[in-house]
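The values are calculated or read from the model by the stated rules, or taken from the named source; none is laboratory data. Model, not experiment: these values are computed from the prediction. Ideal geometry is used to build each Cβ from the backbone, glycine not excepted, and the neighbour counts take in all protein chains shown. Ligands, DNA and RNA are stripped out before the accessible areas are found, and what is left, the full protein with its side chains, is counted by its heavy atoms. Shrake-Rupley method; radii C 1.70, N 1.55, O 1.52, S 1.80 Å.
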Amino acid sequence: MEMDSLPNGNSAVSNPNSAPDPTASAPPSSKLNHFADSVKLEHQFLRVPFEHYKKTIRTNHRVFEKEVSAVISGVAEAADRNDMSRDEAVSHLSSLVSRLQGLKRKLEEGSRVEHLQAQRCRARLNHLELADAENMFEWNNMKVKRILVDYMLRMSYYDTALKLAESSNMQDLVDIEVFQEAKKVIDALQNKEVTPALVWCAENKSRLKKFKLRLQEFIELVRAENNLRAITYARKYLAPWGSSHMKELQRVFVTLAYKSTTECSTYKVLFEPKQWDYLVDQFKQEFCKLYGMTLEPLLNIYLQAGLSALKTPYCYEDDCTKEDPLSQENFRKLALSLPYSKQHHSKLVCYITKELMDTENPPQVLPNGYVYSTKALEDMAKKNNGKITCPRTGYICNFKDLVKAYIS
């Protein structure tokens, strides 16, 4: 795609056949390639608003079909009745008209929401189109903020995430509304209410099994010692699952003979609060799958990508340098499941200066076997009249006693 050149304020006419200036300031090609590859990883950035947009369209379509079908049925019913008086017919048709007017209002609101979500999709496409060498720093800075907002939303810091999005003017580039939708269901489950989760399952045709939610609601009735209501509930909502989940149903139904205070481990676990935590985790997984999100926060994924290049067995030793990120416990936990990085060539880093030891700054071996860089030992010798003190063992020797090590 060709682009017209922009004036640069110079009145001189340039020679179209002249070669480009090789000294012109431009980012290295390796950085440009890395930048282009990072843009390719923005799948979730586009997928989430698009899935949200499709969901809104489906919801509006279902509302339209339901209301129109009801009106058509009402008109057909009125047409088939021969005993309907004029006043009854007018009243019946008026109610249908009112229903259509209500449908119109719903569709107008739905159209407004669709328009906003389409704008959000367009804003994200425009943002990706701005990813070029000229504004690489600004674009990466915005990406870091997006990653932080994603982490805050997943960790339930909704207010902080909203403030960061507003202060950076990037509301269309983050998924606050989507996570607020999930928050309603998560809060309800944490309060031991399954109704919002059941509604969410019905709206999204989720794989999150209603069966698990129904089981938990049955358990809560048993916990409240409302056995008759529990039996009625089981006949209405659990009996249809008998052919596919008979063993689970048999186990749960036995709880009618026990109380929530039972010490029988087989049934005690069913009354434990962690069952609700399990439902919350299941919902989060299905929610992420629905919108094409990663199960892990983006911040964790990017940190693990970097830590995978740094992780070595030395990182977990007691004398690991403080400059190594993996010397910190939180980073160690994050990298626990990562493999060690594959190092084709060993790198020697001076314990004293933390600088790389190479041919220009070769390693020197003390008589006690410890190795440090020439630069560090020369500085130490100048300050101590030619004496070298090993910082690890306290061993003292003369600078002339050192032996140069060679790196092959």
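Here are a few things to note about the model shown:
- All positions within the stretch 81-105 that are small (Gly, Ala, Ser) and in a helix (DSSP H, G or I): 89, 91, 94, 95, 98, 102
- Residue satisfying all of: in the stretch 187-224; part of a loop (DSSP other than H, G, I, E, B) and open to solvent by 20 Å² or more (accessible area, probe 1.4 Å); farthest from residue 282 (Cα to Cα) among these: 224
- Count of the stretch 133-180 residues, restricted to those that are of a type outside the set (Ser, Thr, Tyr), over 25 Å from residue 115 (Cα atoms) and not in a helix (DSSP H, G or I), is 4.
- Test: residue in the stretch 240-254 that is of a type in the set (Ser, Thr, Tyr) and either within 30 Å of residue 148 (Cα to Cα) or surrounded by 15 or more Cβ atoms within 10 Å (Cβ to Cβ) (or both): no
- Answer residue from the stretch 225-239, given it is open to solvent by 100 Å² or more (accessible area, probe 1.4 Å) and either on the phi > 0 side of the Ramachandran plot or within 39 Å of the chain's Cα centre (by Cα) (or both) and is modelled with the lowest pLDDT among those: 225
- Tallying residues that are at pLDDT 90 or above, closer than 30 Å to residue 306 by Cα and either open to solvent by 80 Å² or more (accessible area, probe 1.4 Å) or small (Gly, Ala, Ser) (or both) within the stretch 28-62 yields 1.
- None of 305, 230, 234, 239 is in a helix (DSSP H, G or I), free of Cβ contacts under 8 Å to residues at least 60 places away in the same chain and closer than 27 Å to residue 48 by Cα except 305.
- Residue within the stretch 321-331 that is aliphatic (A, V, I, L, M) and either in a loop (DSSP other than H, G, I, E, B) or closer than 30 Å to residue 404 by Cα (or both) present: no
- The test for being more than 30 Å from residue 178 (Cα to Cα) and open to solvent by 70 Å² or more (accessible area, probe 1.4 Å) does not hold for residue 95.
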